[in-house]
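Shown next, in structure tokens, is the structure this report addresses.
The values are calculated or read from the model by the stated rules, or taken from the named source; none is laboratory data. The structure presented is a predicted model; accordingly, all values stated were derived computationally and were not measured. Methodologically, a virtual Cβ is constructed for each residue, glycine included, from the backbone with ideal geometry; neighbour enumeration extends over all protein chains shown.
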Amino acid sequence: MKDLCRRCTICCYEKVIAENGTVVYTDRPCSYLDLDTGLCIVYEFRTRAKAECVQITKRVLDLGVLPAACPYVKDRPGYRPPRLTPRLEKLARKTLGAGGPKAARRSGRNRR
């Protein structure tokens, strides 16, 4: 799959699944995320180092785990993004631009 990642680091934060099936982000970054560089320190073998870490595939895109403004999903019809914490919403606006969570709510794509 084409590399569209903008290194926002949001997908590298821990997630939980709410009772209604919504993906909910936490403010806990992965222990392998270098917060200064925004890069994974074990990138080449990340899926072996941490089972929850996945490669971007169509199946992963369909799970609704990437922020609404992520280049991998921002133009996907009917995409239902996860719920971000206020801190990560701010990070999304800063790193991913105008298509952040507020735009997703206006377009009806956010499940909150």
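Structure data summary
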| read-out | value |
| --- | --- |
| Some residue of the range 9-28 being in contact with a helix residue (DSSP H, G or I) (Cβ under 6 Å, 6 or more places away or on another chain), surrounded by fewer than 18 Cβ atoms within 10 Å (Cβ to Cβ) and at pLDDT 95 or above | yes |
| Cross-chain or 6+ apart pairs with Cβ under 7 Å, the range 82-104 first and under 16 Å from V24 (Cα atoms), then modelled with pLDDT under 50 and among the small types (G, A, S) | E89/G100; A92/G100 |
| Number of positions in the range 66-96 that are closer than 17 Å to V16 by Cβ and out of contact with any helix residue (DSSP H, G or I) (no Cβ under 7 Å at 6 or more places or on another chain) | 6 |
| Selection within the range 69-80 - surrounded by 11 or more Cβ atoms within 10 Å (Cβ to Cβ), under 19 Å from M1 (Cβ atoms) and either of a type in the set (G, A, S) or without any contact (Cβ under 8 Å) to a residue 40 or more places away in the chain (or both) | A69, V73, K74, R76, Y79 |
| Single match in L35, L4 (criterion: closer than 18 Å to R87 by Cα and at pLDDT below 95) | L35 |
| Members of the range 30-62 that are in contact with a helix residue (DSSP H, G or I) (Cβ under 6 Å, 6 or more places away or on another chain) and either in contact (Cβ under 8 Å) with a residue 60 or more places away in the chain or outside any loop (DSSP other than H, G, I, E, B) (or both) | L33, C40 |
